[in-house]
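Working notes for the structure below.
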Amino acid sequence: MARLRSGAGRSGTRASPCTSARWRGATALCGSDGGSVGPDGGAEAERVRAFWRRLGVPGLVDVHTHFMPERVLRKVWAYFDGVGPLTGMEWPIAYRRDEAERLALLREFGVRAFTAMLYPHKPGMAAWLNGWAAEFAGRTPDCLHTATLFPEDGVETYVREAVEAGARVFKSHVQVGGYDPGDERLDPVWGLLADSGTPVVMHCGSGPQPGKHTGPEPVARLLARHPRLRLVVAHMGMPEYADFLDLAERYAEVRLDTTMAFTDFSERFSAFPVVERARLAELGDRILLGTDFPNIPYPYVHQLDALERLGLGDDWLRAVCHDN
């Protein structure tokens, strides 16, 4: 996520997850200054492993994790560090570790496959990011080769090159990039990705802060032109959950990832409607585990706990966390 909406949550308070009673004593992740002190040894890893072992799956598949060039990731972290003073809602990075430690931790959790979600915010970045991501995937076999795009001259060329080089998933960030997914420069790209069956994880919901082109309407127009596009709506389309569930019901290739949805943190400012839970069950074969690791302000295991407390059953959890 990026660009947290300013203002109070549903309760009218702006408490940090590190200082609220809900979090005090529940985790040792948050330091007194709102920063991160890392996971509590192997205790959290054991909780994560216990979760998937109970379900009888060989581990987790997480479709929404972030690995980027270090200097880019540091800028992302710096952005989140500045969120608290601007909005009154702290966002401590729970896993502020170097790359090797972050990889080791995902493996200790039992995450068998994950992604390197990365995204440009201006022209001229995407091809360079794709080169880094290809190299990262080459030395990280459990990371799905991830690529990205931006509406600019040459986009079709570098997207085609990435697909031919083995890219397994693309990231599109409509909010950070500030672009319309219906931009005519992207039209041949969406066709290419639809034809190749390559999934695109798209941050297109208006949470936590609306962008010029966020929301379900631009995505609905995109899907009307490219109905076979394997679109994965990030964050369950937060906060327009119902609208994006509508699109998933209308288009067989649309999926949604769970990233940050249902967690205590997100429920404070963008609660998932209880009346829509039945549709989560109905679409259970097209909902995918995503977490936003390492850029989350709470423990990784909390995303799993949040899914379990929906009460949709073990078959649903198995599908979401592994099989789908």
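Give the number of residues within the range 152-176 that are open to solvent by 10 Å² or more (accessible area, probe 1.4 Å) and more than 26 Å from P141 (Cα to Cα).
Qualifying residue count for the region: 5.
Quick one: would you say P120 is part of a loop (DSSP other than H, G, I, E, B) and under 13 Å from M68 (Cα atoms)?
Details: part of a loop (DSSP other than H, G, I, E, B): yes; under 13 Å from M68 (Cα atoms): yes.
Yes.
Given the range 200-311, what helices (runs of 4 or more DSSP H) lie entirely inside it while holding 1 or more residues that are within 25 Å of L60 (Cα to Cα)? Before you say what the answer is, go through the steps one by one.
On the way: elements: 216-225, 241-250, 264-267, 277-282, 300-308.
Output list reads 241-250, 264-267, 277-282, 300-308.
Does R71 satisfy the condition of being surrounded by fewer than 19 Cβ atoms within 10 Å (Cβ to Cβ), at pLDDT 90 or above and on the phi < 0 side of the Ramachandran plot? Walk me through it before giving the result.
On the way: surrounded by fewer than 19 Cβ atoms within 10 Å (Cβ to Cβ): yes; at pLDDT 90 or above: yes; on the phi < 0 side of the Ramachandran plot: yes.
The answer is yes for R71.
Would you please list the contacts, defined by Cβ atoms under 8 Å and residues six or more apart or on different chains, that run from a residue in the range 134-149 that is closer than 15 Å to A100 by Cβ to a residue that is open to solvent by 30 Å² or more (accessible area, probe 1.4 Å) and not in a helix (DSSP H, G or I)?
What qualifies is D142/R112.
Only helices (runs of 4 or more DSSP H) wholly contained in the range 154-199 count here; list those with 2 or more residues that are in contact with a His (Cβ under 7 Å, 6 or more places away or on another chain). Lay out the reasoning, then the answer.
Details: elements: 155-164, 174-177, 187-196.
Passing ranges, in order: 174-177, 187-196.
Can you tell me how many residues in the range 211-227 are open to solvent by less than 30 Å² (accessible area, probe 1.4 Å) and farther than 15 Å from R255 by Cα?
4
Checking the structure you have, find out if any residue of the range 199-207 is open to solvent by 30 Å² or more (accessible area, probe 1.4 Å), in contact with a Pro (Cβ under 8 Å, 6 or more places away or on another chain), touching a residue at least 60 places away in the same chain (Cβ under 8 Å) and under 30 Å from D305 (Cα atoms).
Taking the range 199-207 and keeping what is open to solvent by 30 Å² or more (accessible area, probe 1.4 Å), we get 199.
Narrowing the set further to residues that are in contact with a Pro (Cβ under 8 Å, 6 or more places away or on another chain) leaves none.
Checked against the condition, which is being open to solvent by 30 Å² or more (accessible area, probe 1.4 Å), in contact with a Pro (Cβ under 8 Å, 6 or more places away or on another chain), touching a residue at least 60 places away in the same chain (Cβ under 8 Å) and under 30 Å from D305 (Cα atoms), the range 199-207 yields no hits at all.
State yes or no: is L289 open to solvent by less than 20 Å² (accessible area, probe 1.4 Å) and free of Cβ contacts under 8 Å to residues at least 60 places away in the same chain?
Details: open to solvent by less than 20 Å² (accessible area, probe 1.4 Å): yes; free of Cβ contacts under 8 Å to residues at least 60 places away in the same chain: no.
For L289, the condition - open to solvent by less than 20 Å² (accessible area, probe 1.4 Å) and free of Cβ contacts under 8 Å to residues at least 60 places away in the same chain - is not met.
Of the conditions (1) farther than 22 Å from A281 by Cα; (2) at pLDDT 95 or above, P208 satisfies every one except a single condition; which number is it?
(2)
Restricting attention to the range 315-324, which residues are open to solvent by 60 Å² or more (accessible area, probe 1.4 Å) and either part of a helix (DSSP H, G or I) or under 16 Å from R277 (Cα atoms) (or both)? Walk me through it before giving the result.
Initial filter on the range 315-324 (open to solvent by 60 Å² or more (accessible area, probe 1.4 Å)): 315, 318, 323-324.
Hits for the range 315-324 are D315, R318, D323.
Among the residues that make up the range 139-152, is at least one of them under 27 Å from V57 (Cβ atoms) and of a type in the set (A, V, I, L, M)? Quick ask: steps written out before the conclusion?
Within the range 139-152, the first condition is being under 27 Å from V57 (Cβ atoms), and the residues that meet it are 139-146.
If we keep only those that are of a type in the set (A, V, I, L, M) too, we end up with 144.
For the range 139-152, residues under 27 Å from V57 (Cβ atoms) and of a type in the set (A, V, I, L, M): present.
The values are calculated or read from the model by the stated rules, or taken from the named source; none is laboratory data. All of these numbers come straight from a predicted model, not from anything done at the bench. Glycine also receives a Cβ, built like all others from the backbone with ideal geometry; neighbour counts cover every protein chain displayed. SASA here: full protein model, heavy atoms, side chains in, ligands and nucleic acids out. Shrake-Rupley method; radii C 1.70, N 1.55, O 1.52, S 1.80 Å.
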